[in-house]
Amino acid sequence: MQDNVLPLQGVRVADFCWVWIGPYCCKLLAMLGADVIKIEGHKRTDLTRHSVVWPLPHANTTEVPPNQGMSFNALNMNKKSLTLDLTKPEGRELAKQVAILSDVVVDNMRAGFMERIGLGYEELRKIRPDIIMVSCSSRGQKGPESGYAGYATIHHAVGGGSYITGYPDDAPCHSIADPDLMNGTTAAYATLVALYHRMRTGEGQFIDYSQCEGVTSYIGDLLLGYEMNSQIPERMGNAHLQYAPHNVYRCWGVDRWLALEVHSDEEFATLAEVIGKPELAKDPRFADMASRKENESELDRIIEEWTRARDRDWMADEFCQAGLAAAPSRDGRDLYADRHLQARNAFVTVNHPEIGELELVGAPWKMSDGEIALKRAPLLGEHSDYVLHEILGLSEADVADLRTSEVII
Amino acid sequence: MIAAGPLDGIKVVEFATMVSGPYCGKMLADMGADVIKIEPPEGDPSRRCGPFPKTGPHPERSALFLYNNTSKRGVTLNMVTAGGLDAFKRFVRWADVLIDNYPPSYLESLGLGWDEMCKLNTELIYTSITPYGRTGPRANVKGDELTIIHAGGLGNLMPTRSVDVDRAPVKMGGHPVGYHGGITAAFATMSALLGRVKTGCGRAIDISLQEVILAMIQPNVAGNRYHDSSWSRVPDRPPAMGRMKSKDGYIIVGAPEDHHFRAFVELMGNPEWGTTPEWNSMAYRINRVMDIAPMMDEWMLQQTNEDVYHAGAKKRIPMGPINSARDVMNSQQYAARGYFVEVDHPEVGKYRYAGWPYQMSATPPRVGRPAPLLGQHNQEVYRNCLGYSPEEFEHLQRTGTI
């Protein structure tokens, strides 16, 4: 896609974010052509620079050099990096200058933090009335729990996602990065709506985003069900309320699994053919959806007896070609090896000066008018000079002074 | 008529069922877009899914349908009748946005590929959501919640912090694939609407749900290629806290940084085993935390969720209880923020619905109307939006087109 037709070409974003949600929200805006400037404190750089949090690339994560953390490199593509000493008034003033020269300011700090460093919405809009500020806190800016902190796993738990995830006979389980990336996408959507509104009316606004509520909004159907029938939805493992078979089956080898879901009688007859037991389709225990659900454990036993002796990927192909919904439970290696993902250019390769070639996940959408060029994440402070000279208009001497007083490094 | 919202005047046709397409439509509709949902004569299958009220299954009472279709108008259309295709083409000409989550070959088989739609409406934004995308060797393979969450890699990472590699990985509860797909589609659609202002051109958007899920775990998979390690539901190392069991439930504690850990030790009443100076180092804790984990677990078992959660959070320790639907509906924080919205539906009555995680000072989202009854807006849409005469409309009804 041509740079000059990117939707957010000409929009500047000040990114006061770290870890996963805020950085991903800003990455999405950057992929649409926005000029995103990531601002980090010298003493508190983005946690993800040093790690992917887990698993650890190094026995001691704190020893990973700041440009080599992989989740940082994944979530900060297409951005520029500015570092400032935000504990010094001069550093905060420079941050404010960048903010008011931006169309959008995004943060994922604890509620109230941006106000404390002089970068609250009310302060910024005095100087830049049409600014759009997106504050992605854990629980939102108001309310008795607004000061509480959290990470993706905590938001998944508080928002109601963890309680319904896992096996019925075992503990509930939180999820991983996904609540943050889902929330980052949702916040980016709200930001685009705000930009659209500003384009039509000239009016800016403040977006108060709650990450816990982001999780709750994607179980809204279950909550409404509870409101209507007072039954608390519980964990169901891989099962479905109506459909069977609907499970993840053991395959040949160690930790190899195949997901399979059958919705109709016709699909079940196909499955029975593929596993060489066509008689199952006529077996009264499995004749329709209700009887299959009733005899699910016996059905699962029969299917697994077949799958456990066979190759996972071969079976997935057989089932899919026969018209069924089946998929390997893919781990990271399987994802990179997936020919379908490769054919769709789901991964992009960038060259990192310290690490070399990196293969990272591309945009989760394809547009008819071409692909978005993805550029590697910036090195720490890589664009400090550019921002200070080109955007803030400081002279060489000003910058030298700031360097001497360690406001910039 | 729905009151003005930020997307007021944007015309959206939603040719979609279940969760992904409808949630995308809802996100646009709650912002004021004029979303018309096209259902087959028997209705969106989500009407048959539930959960339902105690009165039992009923096509107008499914929570899955009611939640995902707020603020829309609804029509029925039988695509395989003679008049059906013509009516659909009129929708394409009328719309700014078409959301489609039918299999990739469906509209194409009716002669409505992207090229054809482009001819009908050069400014159309066509948002397609499919299990594996519209291109590539698996373009026509079936997939739904269970298969796609595993195909995209998220299923393989759960149950998180499992100790049992012999038990199958597990999906997330609910319809995360559909919702995540809907959110991604809404974002991509908005980006195309903004782009169209510059170029005047429509565009086709191809969303693969497998790639949506892959994108949601990209920090987890990024390490694979470079560090040659694989992130798994069975952690490489013993977990440092995470999920803990309390007296009356479960709680998630995340205390990666030194100051978090110090605060947690303080919360436990500064036991001797946690206060020695070496524990004040992330590098030290990472490899040795299992030495003190049994004592921490023991302590947590004596606490109630409600007490320990607020006491810990006030000490700035990132933590939170594992909430059930009831806990979420009773949350004091959500109540204080006015997160839930009351919606009055003619068939089921008034209930509290989940709202939006974004509170927008200038353009607050809102439920403009409850989810449509099946075919509720047939007359006004076919007559007023698509320009059918009274006789033509009657013909559509008579021939079973609607």
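Taken together, the values in this text are just the output of simple stated rules run on the coordinates, not laboratory data. Computed from a predicted structure; not experimentally measured. All Cβ positions, glycine included, derive from the backbone under ideal geometry; neighbour counts span all protein chains shown.
Calculation over all alpha carbon pairs of the range A:175-323 in 5 angstrom steps from 0 returns a P(r) of 2, 8, 13, 14, 12, 10, 10, 10, 8, 6, 4, 3, 1, 0 percent. At what distance in nm do the modelled label points of A:Q321 and A:L241 sit from each other, each positioned 7 Å from its Cα along Cα→Cβ? Inter-label distance under the simple model: 3.7 nm. The label point for B:V197 and the one for B:L373, both projected 7 Å from the Cα toward the Cβ, are 3.9 nm apart. Using only alpha carbon pairs under 8 Å that are at least six residues apart, calculate the relative contact order of the range A:297-409 and give it in whole percent. Rounded, it is 11 percent for the range A:297-409.
Here the gap between A:A400 and A:K88, fully extended at 0.36 nm per residue and compared with their Cα-Cα distance, gives a gain of 110.7 nm.
Here the dipole of chain B is about 220 debye; that uses its Cα centre as origin and unit charges on the Cβ of Lys and Arg (positive) and Asp and Glu (negative). Backbone geometry of the range A:75-88 corresponds, through the Karplus equation with coefficients 6.51, -1.76 and 1.60 at θ = phi - 60°, to 3J(HN,Hα) couplings of 9, 10, 5, 6, 10, 10, 10, 10, 10, 9, 8, 7, 7, 9 Hz, x marking Gly and Pro. For B:I292, no residue whose modelled amide H falls within less than 5 Å of its own remains once neighbours fewer than 5 places apart on the same chain are excluded.
Within the protein assembly as shown, DSSP assigns beta bridges of which about 40% are antiparallel (rounded to the nearest 5).
Within a 10 angstrom radius of the beta carbon, how do A:C251, A:C212, A:C136 rank from fewest other beta carbons to most? List each step's numbers first, then the result.
On the way: A:C251 23, A:C212 32, A:C136 27.
Placing the least packed residue first, the sequence is A:C251, A:C136, A:C212.
FRET efficiency for the B:V165 to A:R200 pair, using the beta carbon distance and R₀ = 60 Å, is estimated at 0.65. Residues in the range B:95-105 carry Karplus couplings, in order, of 7, 8, 10, 10, 9, 9, 10, 6, x, x, 7 Hz; the curve used is 6.51 cos²θ - 1.76 cosθ + 1.60 with θ = phi - 60°, and Gly or Pro positions show x.
Sorted from fewest to most neighbouring beta carbons within 10 Å, what does the list B:L28, B:L120, A:L358, A:L124 look like? Don't jump to the answer; show the numbers that get you there.
Numbers: B:L28 30, B:L120 15, A:L358 20, A:L124 23.
With the fewest neighbours first, B:L28, B:L120, A:L358, A:L124 line up as B:L120, A:L358, A:L124, B:L28.
Per-residue mean of foreign Cβ neighbours for A:233-246 is 4 (Cβ atoms of other chains, 10 Å radius). Note on A:Q342/B:S109: beta-carbon distance plugged into 1/(1 + (r/R0)^6) with R0 of 25 Å gives a FRET efficiency of 0.40. Helix A:21-31 axis versus longest C-alpha principal axis of chain A: approximately 80°, rounded to the nearest ten.
For chain A, a Gaussian network of Cα nodes joined below 10 Å ranks A:N229, A:N247, A:N351 by mean-square fluctuation, and the top entry is A:N229.
How much of the DSSP bridge set in chain B is antiparallel, in percent, rounded to the nearest 5? Can you show the working numbers first?
Working: 12 of 34 bridges.
Close to 35 percent.
Considering all different alpha carbon pairs of the protein assembly as shown, the Kirkwood hydrodynamic radius works out to 27.2 Å. Taking the C-alpha atoms only, the angle from helix A:89-100 to the longest principal axis of chain A is near 70 degrees.
Helix B:218-227 and the longest principal axis of the C-alpha atoms of chain B enclose an angle of approximately 60°. Candidates A:I232, A:P23, A:P278 compared by Cα position along the dipole of chain A: farthest toward the positive end lies A:P23, with charges placed on Cβ. Here the relative contact order of the range A:246-329, from alpha carbon pairs under 8 Å that lie six or more residues apart, stands at 43 percent.
The residues A:S217, A:S395, when put in order of fewest to most other Cβ atoms within 10 Å, stand as A:S395, A:S217. What you get for the range A:246-329, charging only the Cβ of Lys and Arg (+1) and of Asp and Glu (-1), is a dipole of about 240 debye around the Cα centre.
Report for chain A the percent antiparallel among DSSP-assigned beta bridges with both residues inside it, nearest 5. Here the share of antiparallel DSSP bridges comes out near 40 percent.
Amide hydrogen proximity for A:R12: with H placed 1.01 Å from N in the peptide plane, the residues at 5 or more positions away or on another chain lying under 5 Å are A:D35, A:D103, A:V104. With Cα atoms defining each centre, the range B:103-136 and the range A:114-187 are spaced 35 Å apart in the structure. On the beta carbon distance between A:D385 and B:A311, with R0 = 56 Å, the FRET formula returns roughly 0.75. A compact globular protein would have a Cα radius of gyration near 2.2 N^0.38 Å; the ratio found for the range A:343-389 is 1.46.
Averaging over all projection directions, the Cα-based convex hull of chain B occupies 24.0 nm² in the image plane. Per residue of A:131-140, other chain Cβ atoms within 10 Å of the residue Cβ number 3 on average.
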